[in-house]
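The values are calculated or read from the model by the stated rules, or taken from the named source; none is laboratory data. On a predicted model such as this, the values are computed, not experimentally measured, just so you know. Note: ideal-geometry Cβ built from the backbone for every residue, glycine included; neighbour counts use all protein chains shown.
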Amino acid sequence: MPQQRLKRASEEPQSTDQQVGPYQELSESFVNIPLSSQQPQDSRSPFVLEDEELFSSALRRQTEKECSSESQVDNLWEMLGSSDGSGVSKDDIRMLLHIYDGDVDRVASCLLEQDFSSLQLVKDFQLAQTLQEEEQRSSTHIQQDDDTITDSGTPLPASSRERFIHSVKEILIPQLANELVGMRFPDIENDGQKYEYHLRNLSLELLNIPIGRVQVTMTHPDIHVDCEDVELKISIGHWEYCRKGTLSFQDDGQAVCILSGIHVGLIIRSYLEQEQELPHLGVRKCTVSVGELHFRFTGTKASWLYNLLSSLFQSQLKKNVEAVLQTTVSSAVSSQLNQWTQWIFAAP
């Protein structure tokens, strides 16, 4: 590669069009997210690339030849060898490519300009990934079923089974959806030594439970109710992110989170207690698992912050939503079932 000439300049380096990243595609069904091609300003770096157009053209030709991601890393690393690349590893280059959605030109510009704010972003992103992995490991410790229940349950009368299945789909599920809209979720806060972030005023704005994806299965002594492809929309009244240290950074705004591919499972059992003429129905277990989360942030001052914030908030919000829904759905369904005892078990 020819030796590139560097000169001092006060003007901002010419930016190139940023490729559309996967986060924008995932959110387009709800809102178009503008991803700016402006890179974070850093007045500390006095270097710009004189032959930037020549360098960008060479990288585009490599992209047209369908170079693999690893070869792009190798090429950027080789290019960096002709400048002061001390302290930058190949892992840092891979992370920058991930942060900027594979925009090779932008990563090359960051490296050649010694854009310290972008290199610090790599460290932030690595911290975010570490935090997410730790939370995922902790979430694997799932509480085991309570096997101490010895009551074999009271089976539903055969004449009432079809009536019960119909009522679950036509009454219980719609009422459950209406009851849960507006419920609030706990705030999410993390105050570390290097950064802190907050999510506050979280509320359920929309809940969609497709009736066609609700299945009721009778397996004595239990009744299984499985709801697939449930969707949620959560409004986030205020988010804030702050990076501490010499290269400090702060940003805040509002956000919306779309959760899809959710499974809600209920195990219902009927019990006949002493001094009761008819059994009563109760929720023995409720499980909730969230498939995907997609954020839409508003008020951000930098497009690259979108990826970082998604990684920071995703795991914790997913865990909170699953825990809150398990408790709330179980309580709401139990309350409705208690009103059905006379109707379900009474003679036809």
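Taken across segment 273-295, residues that are within 24 Å of His166 (Cα to Cα), surrounded by fewer than 20 Cβ atoms within 10 Å (Cβ to Cβ) and either among the polar types (S, T, N, Q) or within 12 Å of the chain's Cα centre (by Cα) (or both) do occur, with at least one present. Number of residues in segment 176-188 that are in a strand (DSSP E or B) and in contact with a Lys or Arg (Cβ under 9 Å, 6 or more places away or on another chain) equals 1.
The residues of segment 283-329 that are at pLDDT 90 or above and in contact with a Pro (Cβ under 8 Å, 6 or more places away or on another chain), listed by number, are Asn320, Val324. You will find that of Gly261, Gly237, the residue that is at positive phi, without any contact (Cβ under 8 Å) to a residue 60 or more places away in the chain, assigned to a strand (DSSP E or B) and loosely packed, with under 15 Cβ neighbours inside 10 Å is Gly261 and no other.
Taken as a whole, the structure leaves Leu172 outside the set of residues that are assigned to a strand (DSSP E or B), surrounded by 13 or more Cβ atoms within 10 Å (Cβ to Cβ) and in contact (Cβ under 8 Å) with a residue 12 or more places away in the chain. Among residues of segment 189-219 being in a strand (DSSP E or B) and exposed (fewer than 12 other Cβ atoms within 10 Å of the Cβ), the one that is nearest to the chain's Cα centre (by Cα) is Asp191.
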